[in-house]
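The values are calculated or read from the model by the stated rules, or taken from the named source; none is laboratory data. This structure is a prediction, so every number in the text was calculated from the model and none was measured. Methodologically, a virtual Cβ is constructed for each residue, glycine included, from the backbone with ideal geometry; neighbour enumeration extends over all protein chains shown. For accessibility, only protein heavy atoms count, side chains too; no ligands or nucleic acids. Shrake-Rupley method; radii C 1.70, N 1.55, O 1.52, S 1.80 Å.
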Amino acid sequence: SSGINAEYGDLKSQGPYEAVPLIRPIILCGPSLRDFEVTDLMHKALFHALKQNYKDKLKVVHVEEKWIKSFHNALANNNNNKGQVGTTEAMDHVIQKVFEASKSFNLLFIDLKINFPVAIKKTPIAPLLVHIKIGNTKILQSLIKKRGADQRRSSAAQIYNAEKLIGLNKGVFDVVLKESRFEDARDHLIKYLDKYYDASRPYQSSKKSDQLRPHLLNNKQLNFIKSPFAGRRNTSKRDKDPRHEMQPKSHSETTIKV
């Protein structure tokens with residue numbers, strides 16, 4: 001558990017300005033650990049919904065598995081480092097991919113299997129962090145049990161991680177999805193991303209024909225992926241405004257953001 005504890009530090013003070021991508025990549029977090037069925041199913045559900053909605057306006061940044069493991073190690077080291085955030089070959093590789101992809105001015109999605117959002121928030125990737133939140137751990141435990149014996153054996157670790165995510169400072173996440181229905185969570189995220197997409201291109205027309213509109217998944221897809229969302233309370237609150245201005249950074253803020 002000491003390794004997990006190290007992943008959830010406070011945001012450290014950095015320089016007054018930092019370079020970030022032209023378009024900040026979307027990263028999903030929670031409700032618990034990646035590579036476990038409940039969390040992975042929810043991530044797949046939202047990813048496919050975004051692909052269905054945005055089509056060619058969403059660019060996926062692919063990172064090979066060998067780089068992801070090294071990237072995680074670099075994040076863990078940086079989170080324990082009280083000085084400036086350092087980089088490694090793996091981190092440089094991922095950062096370069098994100099910066100190159102952002103030149104298209106499409107929405108970006110990257111799956112780095114993140115369990116420690118505070119650490120990645122301090123990097124130049126400057127992601128749009130989306131927290132899929134299950135506030136009632138009893139509901140999460142019930143969902144885990146339904147996935148079979150293999151998942152039940154790891155339920156303690158999954159619950160612990162979920163509680164750590166819930167306890168993080170509200171400023172860590174850009175969007176928090178608390179909805180009990182998949183459709184509501186999907187529409188909540190799409191509404192936020194529509195605003196971000198429009199804010200990132202102020203020179204474009206805002207005609208209705210140019211605006212992005214959600215497209216529903218078919219019933220077969222929806223029935224397959226929405227079940228992990230069942231039983232959660234709908235307590236969604238207003239998210240942080242995605243339209244950040246360039247300004248000096250306070251003690252714990254990431255600042256030059258689109």
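Structure notes:
- Of the criteria (1) under 20 Å from the mean Cα position of the chain (by Cα); (2) without any contact (Cβ under 8 Å) to a residue 24 or more places away in the chain; (3) within 25 Å of PHE182 (Cα to Cα), which one LYS113 fails: (2)
- Number of the condition not met by LYS145 [criteria: (1) over 26 Å from LYS51 (Cβ atoms); (2) out of contact with any Lys or Arg (no Cβ under 9 Å at 6 or more places or on another chain)]: (2)
- Residues in region 106-124 that are in contact with a Phe, Trp or Tyr (Cβ under 9 Å, 6 or more places away or on another chain) and not in a helix (DSSP H, G or I) were compared, and the one that is surrounded by the most Cβ atoms within 10 Å (Cβ to Cβ) is LEU107.
- Test: residue in region 72-91 that is under 15 Å from LEU28 (Cα atoms) and open to solvent by 70 Å² or more (accessible area, probe 1.4 Å): no
- Qualifying residue in region 132-145 (condition: under 20 Å from LEU107 (Cβ atoms) and touching a residue at least 12 places away in the same chain (Cβ under 8 Å)): yes
- From the options ALA119, ALA101, ALA49, ALA76, residue that is over 21 Å from VAL172 (Cβ atoms) and in contact with a helix residue (DSSP H, G or I) (Cβ under 8 Å, 6 or more places away or on another chain): ALA49
- Residue check for ILE114: at pLDDT 95 or above and in contact with a helix residue (DSSP H, G or I) (Cβ under 8 Å, 6 or more places away or on another chain): no
- Answer from LYS146, LYS133 - the residue that is open to solvent by 30 Å² or more (accessible area, probe 1.4 Å), charged (D, E, K, R), at pLDDT below 95 and over 25 Å from TRP67 (Cβ atoms): LYS146
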